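Derivation of every value follows stated rules applied to the coordinates shown; laboratory data play no part. Please read these numbers as outputs of a predicted model, since none were measured by experiment. Virtual Cβ from ideal backbone geometry, glycine too; neighbours counted across all protein chains shown.
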Amino acid sequence: KGVTIPSQARYVSYFAQLRNAPSDVSQLEWAPAKLTVVRMHGAPSFDTGGGCDPYIVVSRVNDTTLFRSKHHPYKKWKANGYLDLEVENLPLQGDVRVTLYDHDATSADDEMCAVAFNTHFITDNVLRLTRAEIDGCHKEKNKGKFPLSFALELCFNGRRPDPLDAEAEAREAQRVDALAASVSAKLSARGEQARAAAEVDAVAKELYVNHLRASSGGGRTTGDEEPPRE
């Protein structure tokens with residue numbers, strides 16, 4: 001099937017960068033980083049009635065657990081539209097996996113999604129990932145459980161996520177979902193399901209990036225109010 005998992009694609013990109021590196025890769029020492037906080041944009045729907053009670057587990061690629069956060073009941077954070085999961089500057093180096101779980105009091109916890117990355121390739125002390133770039137979210141059977149605007153923002157070395165207005169965050173999530181759903185409906189009606197899925201992911205990513213720029217004072221790019229041309 002080739003490369004189908006988002007983290008696989010990420011590591012293909014890493015390999016391409018290393019091939020172009022001027023130094024001897026065999027002598028390369030992975031740059032360390034300290035994971036400060038993981039921000040969830042949007043709430044996956046894994047509980048009866050919607051929402052989830054999330055926590056994260058940080059591990060090495062050999063499954064050695066390095067950190068587990070406390071879980072956060074959905075009713076305590078759903079109004080914000082986002083949630084910051086504190087990690088308190090956990091030292092990391094090399095290949096790392098961050099897994100997001102839904103806590104369940106009566107049955108086994110659900111693994112919702114995950115992301116694998118290498119600390120050497122982190123830029124500006126932040127790793128931002130939209131739904132299409134997160135393992136688990138990309139599966140067709142799971143897409144209905146994640147809002148189109150779902151995203152993860154991993155901050156390192158003391159960096160904090162940009163301050164966000166809760167109401168503005170909720171409005172932006174609704175706008176992303178509505179616009180992407182409109183694109184999907186139009187293309188699916190013509191039997192172009194594969195293209196519809198790709199366009200939806202592209203819309204969500206573009207609007208998410210624009211939203212982050214606006215929240216940090218960078219302003220929006222032009223044309224983000226319209227869906228891609230058909």
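Within the set of other residues whose C-beta is less than 12 Å from the C-beta of residue 160, count the net charge using Lys and Arg as +1 and Asp and Glu as -1. Charge balance near residue 160 sits at -2. Scanning residues 5 or more positions from residue 110 or on other chains, those with amide H under 5 Å from its amide H are 102, 104, with H placed 1.01 Å from N in the peptide plane. In this structure the amide hydrogen of residue 34, modeled in the peptide plane, comes within under 5 Å of the amide hydrogens of 92, 157, none closer than 5 places in sequence on its chain. Remark on residue 151: its backbone amide H falls under 5 Å from those of 41, a criterion applied only to residues 5 or more positions apart or on other chains, H modelled at 1.01 Å from N. In the structure shown, the pairs 76/139; 34/145; 34/78; 145/186; 34/139; 34/75 are assessed against 26 Å; a Cα-Cα span above that value is assigned to 76/139; 34/145; 34/78; 34/139; 34/75. Overall shape: prolate for the stretch 6-161, with the ratio a/c of the largest to smallest alpha carbon gyration tensor axis at 1.5 or above and a/b above b/c. Exposure proxy ranking for 182, 107, 45, based on other Cβ atoms within 10 angstrom of each Cβ and starting from the fewest, stands as 107, 182, 45.
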